[in-house]
1. Determine which lysines satisfy two conditions relative to Lys126: a Cα distance under 29 Å, and not lying fewer than 8 residues away in the same chain.
2. Against the 2.2 N^0.38 Å scaling, with N counting residues, where does segment 141-236 land? I'd like the Cα-based Rg ratio to two decimal places.
3. Give me the percent relative contact order of segment 107-195, please, defined on Cα pairs under 8 angstrom at least 6 residues apart.
4. In a shell of Cβ-Cβ distance under 13 Å around Asp32, excluding Asp32 itself, what net charge do Lys and Arg (+1) and Asp and Glu (-1) give?
Amino acid sequence: MMDIVGPSFMIMRMELWHVMNHSIEGRDLFLDSQDYARFVHNLYEFNDTAPAGNVYRLFDSSGMRDFVGPSFRNERELLVQIHGWVLMKDHFHLLLSELVENGISMFLRKVNVGYAKYINERYERKGTLFQARTKKILIAQEAHFLYILHYLHLNPLDYLPGAEKWRIRSKSSIKNMSEALNYLDTYRWSSYLDYSGKKNFPSILMTFLFTDALGDYNDALNAYLRDTENDGIITEFTLE
């Protein structure tokens, strides 16, 4: 349990978890945009105490808009709130808080099993897709809370030449800061765009927790990156 203090000085008590899982053998979890879109859709559809039903029938990624709209269901009882997310080629990260008892475990089980079934059916494969259990890290310290959303959103810089060392906090870790931010603006598969005011997949996301604490997200991320540029001390940007 952590006290989270925002600019309005209101205090919220909750547990925030950083969860992640990797594919087995380093294989790609997402082979094309349909795979990414399917996983995003599952984040919406499986966030319900009720059985998901035939989600394959409901899935439609045409146009790659926010296809996870509420028209797909009547009332839902959410298992979790999703405060941040990013999908990478061979793994994913989520920031979750629990709304019902064991909600995170139920949600992750449905997401992992459902996506594995989809991949096995689409690509005619068999067997396990993810590594063991999904890793869960409790965000228990304020310092951890203040950088964890940035950590998720900066992950795609692994794919940008010249920015792969972004985890090392030094002024040379990202060679071109403007190019890095422009690249993040082109990456659909994270909550970065929604936090930046560019509607992407808002139906799955709750932004209040971090916007209350950080204020304007673009300003907060830019300030973090400026601190990196001006930091003469090399430190490792870690998860815990």
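Just so you know, all these numbers are worked out from the coordinates, no wet-lab data involved. On a predicted model such as this, the values are computed, not experimentally measured, just so you know. Every residue, glycine among them, receives a Cβ derived from its backbone with ideal geometry; neighbour counts consider all protein chains shown.
1. Those lysines meeting the cut-off are Lys89, Lys110, Lys117, Lys135, Lys136.
2. This ratio for segment 141-236 stands at 1.06.
3. 17 percent
4. Local net charge: +2.
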